[in-house]
Amino acid sequence: LLPIFFSLAVLCWVSGFDIIYALQDEEFDRQHHLNSIPAWLGAKKALQVSTFLHTLTVLFVTLPLFFTQLSWFYVTGILFFIALLIYQHRLVKPNDLSKVDRAFFTTNGIASVVFAIFFLLDVYLRNQF
């Protein structure tokens, strides 16, 4: 089940942050009849879809706790990851896209690396003892 949970987490996570990044192209997409989520729904509703997808991401990274033995390293990684998702959504507003790059590039880069490190520490240390 772990690969399925992680696959679904990545699918929802990437889709959610891609919607945030696509907000910058909303007007262009409308003018050229491109069917992006921001062009279709508008910035406010697109951000709500992104939030929903990131909520699913949190669910999918949390579910492994109930199906396999994981330690506090994994839980710490999840908490850090969730905090960065929340931070990302606090940065971007429907009427202020000036911090999209920070939300998209910086936050996601840090979140993915830190989560991976904590997961790998969990696996490595579990196999040592």
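Would you list the membrane-span-like helices of the chain, meaning whole DSSP H runs whose alpha-carbon atoms span at least 24 Å along their axis and whose mean Kyte-Doolittle value is at least 1.0? Mind showing how you got there, number by number?
Numbers: long enough: 2-22 (29 Å, 1.83); 43-62 (28 Å, 0.95); 72-91 (28 Å, 1.37); 108-128 (30 Å, 1.14).
Helices meeting the span and hydropathy rule in the chain are 2-22, 72-91, 108-128.
Return the FRET efficiency for the residue pair VAL14, GLN128: r is the Cβ-Cβ distance, R0 is 30 Å, and the value is rounded to the nearest 0.05. Provide the component values of the computation, followed by the final result.
Working: r = 32 Å, r/R0 = 1.07.
Once rounded, the FRET efficiency stands at 0.40.
So how much slack lies between ASP101 and ILE86, counting 0.36 nm per residue of separation and subtracting their Cα-Cα distance, in nm?
3.9 nm
Would you calculate a helix-derived [θ] at 222 nm for the chain, using -39,500 (n - 2.57) for each DSSP H run of n ≥ 4 and dividing by the full residue count, to the nearest 500? If you can, show how the numbers build up before the last one.
Working: 6 runs with 93 residues, N = 129.
Here the helix-only value at 222 nm equals -24000 deg cm²/dmol.
Tell me, what are the semi-axes, in whole angstrom and largest first, of the equivalent ellipsoid of the chain as set by the roots of 5 times the Cα gyration tensor eigenvalues?
On the way: eigenvalues 206, 40, 22 Å².
For the chain, the semi-axes come out at 32, 14, 10 Å.
Which of rounded, prolate or oblate describes region 1-63 when judged by the alpha-carbon gyration tensor and an a/c cut-off of 1.5? List each step's numbers first, then the result.
Working: a/c = 3.92, a/b = 2.59, b/c = 1.51.
Note, shape of region 1-63 comes out prolate.
For region 83-129, what size does the Cα cloud have along each of its three principal axes, sorted from largest down, in whole Å?
52, 15, 7
Computing the accessible area with a 1.4 Å probe over protein heavy atoms, can you report the carbon and sulfur percentage for the chain?
Values: 5240 of 7740 Å².
Carbon plus sulfur share of accessible area: 68 percent.
For region 1-108, what is the accessible area per residue in Å², given a 1.4 Å probe and the full set of protein chains? Could the numbers behind the result be given before it?
Values: 6310 Å² over 108 residues.
That works out to 58 Å² per residue.
Is the shape of region 42-97 best called rounded, prolate or oblate, per the rule: a/c under 1.5 gives rounded, else a/b larger than b/c gives prolate, else oblate, with a ≥ b ≥ c the square roots of the Cα gyration tensor eigenvalues? Mind showing how you got there, number by number?
On the way: a/c = 7.43, a/b = 2.23, b/c = 3.33.
Note, shape of region 42-97 comes out oblate.
Let's test the formula: R0 of 30 Å, r as the Cβ-Cβ distance of LEU34 and GLN69. What FRET efficiency results, to the nearest 0.05? Provide the component values of the computation, followed by the final result.
Details: r = 46 Å, r/R0 = 1.54.
Calculated transfer efficiency: 0.05.
Trypsin sites (Lys or Arg not before Pro) within region 66-129: which are DSSP loop residues with at most 16 other Cβ atoms inside 10 Å?
LYS99
How far apart, in nm, are the 7 Å Cα→Cβ label points at ILE4 and LEU121?
3.0 nm
The values are calculated or read from the model by the stated rules, or taken from the named source; none is laboratory data. It should be emphasised that the depicted structure is a prediction, and the values quoted were computed from it without experimental measurement. For neighbour counting, all protein chains shown are included, and Cβ atoms are generated from backbone atoms with ideal geometry for every residue, glycine included. With ligands, DNA and RNA removed, areas are computed over all heavy atoms of the protein, side chains included. Shrake-Rupley method; radii C 1.70, N 1.55, O 1.52, S 1.80 Å.
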